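A.B. asks: Sharing a structure below in structure tokens format, with a few things to ask.
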Amino acid sequence: MSDEIVFYHNPQSRAQMVHWMLEEAGAPYRIVPIDFAKGENRTPAFLALNPMGKLPTIEHRGMVVTETAAIIAYLADAFPAAGLAPPPGDARRAPYYRWLFFGAGCIEPAMLDKMMNRPPVERKAAVGWGSYEDVMATLRQALAGGPYLLGEAFSAADVYVGSELRWAMMFGAPGVKGEPVFEAYVARLSARPAARRTVAG
Ligand SMILES: N[C@@H](CCC(=O)N[C@@H](CS)C(=O)NCC(=O)O)C(=O)O
């Protein structure tokens, strides 16, 4: 079976996070461009892969993976030579999982709240991400030791969380743009050769 990844891509989407990850992993991949305006993510063939009709979506070794965080974590494991995930049993697996899941479960919805000018959540205790302010304060603390989320070791968690922060900066998210810890982190990540080979650079 071919080891090539089929990568359904549109650079104006979260798929750009996966593009950067594919480059970091040194994975063999083939891009299938998806034009949202033409409805190419809503064709029966695409919906058979991902009934959500969303990018990113990949196919690898006969399996489909969707969800940005899952794809990034999957690629780190599928291409271990790149050293982007601490192996099971390594203590750094704890912060690795912690920040990957925090990215999907807390950063993403908190940022969307801000982007869409939603009113602050009414019952912070019942909402998984609490509040935008708490999410950003937590992240600032996580990065204060730096240079990466796992300390000295760059990992796939930085690809995901760093991409989210970069995205937040692009829309001028308060507490992100101009915040020295986040600015330095995103600049450090954007300077990586793999990031520069993609639109994340
Ligand atoms: N939960 C998904 C969200 C993916 C998502 O919303 N992708 C958007 C682009 S950034 C999309 O494909 N939208 C097209 C549509 O829904 O029609 C993830 O984290 O990967």
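Since every read-out is calculated from the coordinates, none of them should be taken as a lab result. Computed from a predicted structure; not experimentally measured. When we count neighbours, we look across all protein chains shown, and the Cβ atoms used for this are built from the backbone with ideal geometry, even at glycine.
A.B. asks: Scan Gly162, Gly105, Gly128, Gly145 and give me the residue that is among the small types (Gly, Ala, Ser) and surrounded by 19 or more Cβ atoms within 10 Å (Cβ to Cβ). If you could, list the steps in order and put the result at the bottom.
C.D. replies: Values: Gly105 fails: surrounded by 19 or more Cβ atoms within 10 Å (Cβ to Cβ); Gly128 fails: surrounded by 19 or more Cβ atoms within 10 Å (Cβ to Cβ); Gly145 fails: surrounded by 19 or more Cβ atoms within 10 Å (Cβ to Cβ).
After ruling out the rest, the residue left standing is Gly162.
A.B. asks: Where in region 3-90 are there helices (runs of 4 or more DSSP H), lying fully within it, with 1 or more residues that are within 24 Å of Gly162 (Cβ to Cβ) and either small (Gly, Ala, Ser) or within 12 Å of the ligand (Cβ to nearest atom) (or both)? Step through it out loud before you land on a result.
C.D. replies: Values: elements: 15-25, 44-49, 68-78.
Passing ranges, in order: 15-25, 68-78.
A.B. asks: What residue, among those in region 133-142 that are touching a residue at least 40 places away in the same chain (Cβ under 8 Å) and over 17 Å from the mean Cα position of the chain (by Cα), is surrounded by the most Cβ atoms within 10 Å (Cβ to Cβ)? It would help to see each step written out before you state the result.
C.D. replies: As a first pass, look at region 133-142 and keep what is touching a residue at least 40 places away in the same chain (Cβ under 8 Å): 133, 136, 139-140, 142.
Subsequent filtering for residues that are over 17 Å from the mean Cα position of the chain (by Cα) retains 133, 140.
Working: Glu133: 14, Arg140: 16.
Only one residue fits best here, namely Arg140.
A.B. asks: Further question: Scan region 111-128 for residues that are of a type outside the set (D, E, K, R) and touching a Ser or Thr at 6+ places or on another chain (Cβ under 7 Å) and report the count. Don't jump to the end; show me each part of the working.
C.D. replies: Keep residues of region 111-128 that are of a type outside the set (D, E, K, R), which gives 111-112, 115-117, 119-121, 125-128.
From the residues that got through so far, the ones that are touching a Ser or Thr at 6+ places or on another chain (Cβ under 7 Å) too are 120-121.
Qualifying residue count, region 111-128: 2.
A.B. asks: Right, here's the next one. Residue by residue through region 133-186, note down the ones that are touching a Cys at 6+ places or on another chain (Cβ under 9 Å) and either β-branched (Val, Ile, Thr) or outside any helix (DSSP H, G or I) (or both).
C.D. replies: Val135, Thr138
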